[in-house]
1. Explain nothing, just the number: relative contact order of the chain, from Cα pairs under 8 Å at least 6 residues apart, as a whole percent.
2. If I model a spin label as a point 7 Å beyond the Cα along the Cα-Cβ vector, how far apart are those points for residue 7 and residue 84 in nm?
3. Which peptide among 109-116, 6-13 comes first, and what is the full order, when sorted by highest mean count of other Cβ atoms within 10 Å?
4. Could you give the nm distance between label points at residue 34 and residue 119, where each point is 7 Å from its Cα heading toward the beta carbon?
5. Show me, bin by bin at 5 Å from 0, the whole-percent P(r) of the chain based on Cα pairs.
6. Per-residue ellipticity at 222 nm for the chain, helices alone: DSSP H runs ≥ 4 residues times -39500 (n - 2.57), over residue total, nearest 500 deg cm²/dmol?
7. How many nm separate the modelled label positions at residue 69 and residue 128, each set 7 Å beyond the Cα in the direction of the Cβ?
8. Out of all DSSP beta bridges in region 1-141, what portion is antiparallel? Express it as a percent rounded to 5.
Amino acid sequence: MTPRIEAARPDGDEARTLIDELEAQLVSYGYPQESRHGYSVEKLLRESVAFFLTRCDGLAVGCGGVQLSGAEYAEVKRMYVRPAFRGMGLGRAMLDHLADYARAHGAAALRLETGIHQEEAIGLYESFGFRRRTPFGEYREDPFSLYFEKVLV
């Protein structure tokens, strides 16, 4: 199985399915609506988030996006790998891709928000070199959220 990351529109059928799966997973963890900060498909498009799919043997098994916020930072959006494909390095490959994209577009750091119950994701982010930080941008303190940053330059 050879993974491939490719640019995609978040409003394509495969992307929508992955985003819906991610949203269902977040609901299953009991996060209240006000603590689910993921962009809708419409907002991903409106905010010009660069969006990508991870494919394994042609099947879309993961996704991730990056929103550029000038030279200071870029933000990871809608990062997800289907449970059956976790532990295969696909999340790390997507993070590499998003970091490379952000760096190529002049971002000095990569930031993200994730939920406190996303233990696998938190472990991935920390092993990738992300460090916890305070809320940024439009985020405010939220007992269900953690905020991370990785310096790119």
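Every number in this text was worked out from the coordinates using simple rules, so none of it is lab data. What you see is a predicted model, and the numbers here were worked out from it, not measured in a lab. Please note: Cβ atoms are built from the backbone with ideal geometry, for glycine as well, and neighbour counts cover all protein chains shown.
1. Details: 244 pairs, mean separation 31.6, N = 153.
Worked out over the chain, it gives 21 percent.
2. Distance between label points: 3.0 nm.
3. On the way: 109-116: 20.9, 6-13: 13.9.
Result, highest mean first: 109-116, 6-13.
4. Here the modelled spin labels are 2.8 nm apart.
5. 2, 9, 20, 23, 24, 15, 5, 1, 0
6. Rounded to the nearest 500, the figure is -9000 deg cm²/dmol.
7. 1.6
8. On the way: 19 of 21 bridges.
Roughly 90 percent of the beta bridges in region 1-141 run antiparallel, per DSSP.
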